[in-house]
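Note sheet for the following structure.
The values are calculated or read from the model by the stated rules, or taken from the named source; none is laboratory data. Keep in mind it's a predicted model, so treat the numbers as computed, not measured. Quick reminder, even Gly has a Cβ in these numbers, built from the backbone with ideal geometry, and neighbours come from all protein chains shown. When the accessible area is computed, the model is the full protein with side chains, heavy atoms only, and any ligands, DNA or RNA have been set aside. Shrake-Rupley method; radii C 1.70, N 1.55, O 1.52, S 1.80 Å.
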Amino acid sequence: MGAASSRLEKALGEQFPEGERYFGLENFGNTCYCNSVLQALYFCVPFREQLLEYYANNKSASDGEENMLTCLADLFSQISNQKKKTGVIAPKRFIQRLKKQNELFRSYMHQDAHEFLNFLLNELADILEKECKANKETPQNSSSNKSSNGPINGQPNGSHKEPETTWVHKCFQGILTNQTKCLRCETVTDRDETFLDLSLDIEQNSSITSCLKNFSSTETLNAEDKFFCDKCCSLQEAQKRMKIKKQPNILVIHLKRFKYIEQLGRYKKLTYRVVFPLELKLMNTVDNSDLEYSLFAVLVHVGSGPNHGHYISVVKSHNHWLFFDDETVEMTDESMVQTFFGSAQEFSGNTDNGYILFYESVAKTS
């Protein structure tokens with residue numbers, strides 16, 4: 001990567017962001033699913049900052065047990081402290097820990113990047129929750145230990161105690177509310193559930209906005225799907241819809257490109273054209289507040305099927321777009337994002353399709 005990294009430095013020249021590092025990640029045999037997710041997370045600045053703060057507060061605790069969180073914090077710290085501005089790093093310790101932790105990722109088969117992202121974020125949040133709980137149970141701990149998880153403020157919630165809100169949750173977690181309206185008594189029942197990403201069904205020649213509208217569309221529950229209404233004390237026809245009650249700071253959208261086809265008895269990749277904008281407004285919210293988001297990373301699946309292929313990521317850093325393909329890091333243009341929308345014709349040769357989108361909330365200017 002020597003020549004390539006020097007090309008990247010030359011391309012950016014004096015515009016190279018101060019203190020920033022652009023490093024490719026070595027592939028250990030089909031670990032592109034992991035590398036592409038790690039690059040997207042590294043350029044998710046609020047997440048990176050919290051992780052590096054966690055590392056700084058915990059590096060002295062040498063007796064602590066190694067886990068996914070410590071390995072990831074160590075990797076991000078390694079990248080950010082490199083003397084060179086560009087190059088390649090081998091995330092060997094992280095990959096070893098991942099395989100030890102979860103047998104799903106032990107084989108050299110093609111893995112699903114969304115499954116990995118989901119596992120990783122939940123695992124990090126679980127570790128932080130346990131550490132926060134342990135710190136609370138040992139009041140003699142030093143104040144530096146207590147703040148090791150970054151700014152965590154558990155919300156007191158009346159009669160029932162909720163899990164700790166970690167900085168992973170503060171970055172990625174939103175709340176969905178499932179509204180069900182009984183068509184007999186018209187009572188509306190709300191049921192909340194948290195999410196770290198939104199998985200959207202996709203259609204040919206559609207857009208993220210239309211996919212989000214479909215996600216929140218009203219569904220009638222009748223026949224065998226009737227809803228048990230507590231007020232009527234019986235099964236009733238009802239209308240159900242999903243809305244976003246609390247928007248996350250970082251919105252992760254997973255496009256469901258792998259669909260099980262019963263006639264084929266296997267999964268098939270949908271290369272449908274789904275337009276995703278650089279700026280996105282979330283309209284399907286409970287309070288109708290149209291929070292604005294800006295795209296900063298696209299994780300791309302390359303290949304015609306779910307069981308083979310490759311993952312790459314395209315990220316925005318300091319208003320520059322960069323292309324990450326394992327060890328390779330190159331400057332690219334904003335227009336490249338459009339090449340990953342998908343294909344309007346089913347049997348076209350373009351199989352480089354946006355699979356996971358990362359949006360950050362943008363503060364509104366008055």
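Cα-based radius of gyration for the chain, normalised by 2.2 N^0.38 Å, reads 1.07. Close amide H partners of residue 236, meaning residues 5 or more places away or on another chain with modelled amide H under 5 Å apart, are 227, 228, 229.
The modelled label-to-label distance for the pair residue 192/residue 56, using points 7 Å beyond Cα in the direction of Cβ, is 3.2 nm. Rounded to the nearest Hz, the phi-derived 3J(HN,Hα) couplings of the range 168-185 under the Karplus curve 6.51 cos²θ - 1.76 cosθ + 1.60 (θ = phi - 60°) are 5, 5, 5, 6, 10, 7, x, 10, 9, 10, 9, 9, 10, 10, 5, 7, 8, 9, where x marks glycine and proline.
For the range 38-124, taking the reciprocal of the average inverse distance between every pair of different Cα atoms yields a Kirkwood hydrodynamic radius of 14.0 Å. Each of 67, 89, 122 was placed along the dipole of the range 63-137 (beta-carbon charges, centred on the mean Cα), and the one lying farthest toward the positive end is 89. Full extension of the chain between residue 346 and residue 225 gives 40.2 nm of extra length, using 0.36 nm per residue less the Cα-Cα distance.
Take the chain with all the other protein chains still there, run a 1.4 Å probe, and you get 51 Å² of accessible area per residue.
For residue 312, what residues show an amide H to amide H distance below 5 Å, using hydrogens built from the backbone and excluding near sequence neighbours? Counting only residues 5 or more places away or on other chains, the set is 300, 302. Taking 0.36 nm per residue of separation and subtracting the Cα-Cα distance, full extension of the segment from residue 289 to residue 177 would add 38.8 nm. Volume of the convex hull of the range 225-270 (Cα atoms only), normalised per residue: 148 Å³.
Taking amide H as placed 1.01 Å from N in the peptide plane, the amide H of residue 249 sits under 5 Å from that of 173, each at least 5 places away or on another chain. Each residue of the range 8-23 was assigned a 3J(HN,Hα) from its phi angle through the Karplus expression (A = 6.51, B = -1.76, C = 1.60, θ = phi - 60°), giving 5, 5, 5, 4, 7, x, 6, 7, 4, x, 5, x, 8, 10, 10, 10 Hz with x at Gly and Pro. Computed about its Cα centre, the charge dipole of the chain is approximately 160 debye, with only Lys, Arg, Asp and Glu carrying charge at their Cβ.
With runs of 4+ DSSP H residues as the only contributors, calculate the mean residue ellipticity of the chain at 222 nm using -39,500 (n - 2.57) per run, divided by the residue total and rounded to the nearest 500.
-8500 deg cm²/dmol
Judged by the mean number of other Cβ atoms found within 10 Å, the most tightly packed of the peptides 74-83, 291-300 leads the ranking 291-300, 74-83. Shown here is the pair-distance distribution of the range 4-53: with all Cα-Cα distances grouped in 10 Å bins from zero up to the longest one, the shares run 21, 41, 35, 3 percent. Taking all protein chains together and a 1.4 Å probe, the residues 245, 59 rank 59, 245 from largest to smallest accessible area. Karplus-derived 3J(HN,Hα) values for the range 258-275, using 6.51 cos²θ - 1.76 cosθ + 1.60 with θ = phi - 60°, are 10, 10, 7, 9, 4, 4, 8, x, 7, 7, 10, 7, 9, 8, 3, 7, 10, 7 Hz; glycine and proline are entered as x.
Evaluated over the Cα positions of the range 165-305, the convex hull gives a direction-averaged projected area, one quarter of its surface, of 11.2 nm². State the percent of C-alpha pairs, over all pairs in the range 192-262, separated by a distance greater than 15 angstrom. That tail contains 67 percent of the Cα-Cα pairs.
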